[in-house]
Structure formats: structure tokens, C-alpha cells
Amino acid sequence: MLNTFVLSLIFSFAQQQYVNTSPANEINEIRWVSIEEAMTKTAQNPKPIMIDFYTDWCGWCKKLDQTTYSDKEVIDYINKHYYAVKFDAEQKEQITFLGKTYSFVASGNRGTHQLAAQLANRNGRIGYPTITFLDANGNRLAAEGGYKDVPKMKSVLRYYGEEFYVSMTFNEFLTKQALEISAD
């Protein structure tokens, strides 16, 4: 009986040691900041801004969090190349962005924050999730609608994060990326 207890104790300790072997400085989640903080940071150290517009009731938004935003490579890329903002499109607080104050506008039981309507708008409509990319000056580059799996997200992140949008369309970028992969 004592041997079983001792073995259980040793096994538990060994398992705990295995679990705690990751480096203390390893980051396992996206460093989300507010839009105001992102603008302050990019003024000091210019980087593009990625805004994830979501709502609490959006199932695809939750899937994006659980899958794509949990992928180590996606996390590392976003943290290195972007200031990432998680923005509840139905939040009630006023936000000042580029000198203009935006508020929540009620519509029936719900509503939309004016900043979400401004930045997540795609052809006159807003859907969730929408990921909007801004340059370091806060200018909107694009609003990408819908769920993105890991491979699609990596391509989109690289396209805007490494400024490929300046010299080619997204389809040209995908072709270039496919050629690079096949050459390896």
C-alpha cells in the first residue's frame, strides 16, 4: 500500500515537472490591446494593426478563438508583426480614434458600435467575425470577413503584415506563395 502511494506521488511529481517545462518567457496567446493602446504603440514603434471585430453571440467568432487564434504559429506571427485589437462590435463605451469619437448605436435588441460600422464595413454590410487591417497610421487597408482557418489566416496575415498588398493583389500573392512552397 505504501509502495503504491509512493509510486503515485512520484508519478504525480514527474508529470507536474513535465507540464512546467515550457520556458517562462514563452507566449501562448495573442497580446490583445485596446484600439487606443494600439495607436499609441504604433506611433512609438510603427506596425500595422489587426482588429478582430466580434460579438458575444457569434459562433464563428468563438471558433476562430478556439482554433485559429490558438495556433502557435498564428500567435507568434501576430505578436511579432501586428498590434492586435479584440473589439466587441456591440460594446457600449465611447472610443476616440484618429480624433473622432465613436459610440454605440442601438437598433432593436442589439446595435453596433460606430467604429465597427466604420472599419468592419464590407460593401455596406457588417458580418462577424471581420478582421480589419490598418496601416501604422490608422488607415484601413482591408476588412476580411468570415472565419479563417489556420492556413488561410497565415496567408492573410503575411499579405498585410509584410506589405505584399503594396505591389500585388491577394490572388497574385497566393500564387507567389504556392510557387515558393513548391520550390522547397
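Bear in mind that the values in this text are calculations on the coordinates, not laboratory data. Just so it is clear, the model here is predicted, and its values are computed rather than measured. Using ideal geometry, Cβ is built from the backbone for each residue, glycine included, and neighbour counts are taken over all protein chains shown.
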List the residues whose amide H sits under 5 Å from the amide H of Leu141, counting only those 5 or more places along or on another chain, with H placed 1.01 Å from N in the peptide plane. Phe133, Leu134, Asp135
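For the range 24-80, which GluC sites (Glu not before Pro) are both in a DSSP coil and crowded by at most 12 other Cβ atoms within 10 Å? Before the final figure, lay out each step's value.
Numbers: sites: Glu26, Glu29, Glu36, Glu37, Glu73; in loops: Glu26, Glu29.
Answer in residue order: Glu26, Glu29.
Give me the number: length gained by fully extending Ala106 to Lys72, i.e. 0.36 nm times residue separation minus the C-alpha to C-alpha distance, one decimal in nm.
Roughly 8.5 nm would be gained on extension.
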When the Debye formula is applied to the Cα atoms of the range 27-148, each taken as the same point scatterer, what base-10 log of I(q)/I(0) results at q = 0.18, 0.21, 0.22 Å⁻¹? -0.96, -1.29, -1.40
Using a 7 Å offset from Cα along Cα-Cβ at Ala43, what residues in the range 67-103 end up with backbone N under 12 Å from the label point? 97-99
In Å, what Rg and Dmax follow from the Cα atoms of the range 99-184? 16.0, 54
I'd like the Karplus ³J(HN,Hα) series for the range 143-151: coefficients 6.51, -1.76, 1.60, θ = phi - 60°, whole numbers in Hz, and an x wherever there's a Gly or Pro. 10, 9, x, x, 5, 10, 6, 4, x
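So how do 54-62, 116-124 stack up, highest first, on mean other-Cβ count within 10 Å?
Descending mean neighbour count gives 116-124, 54-62.
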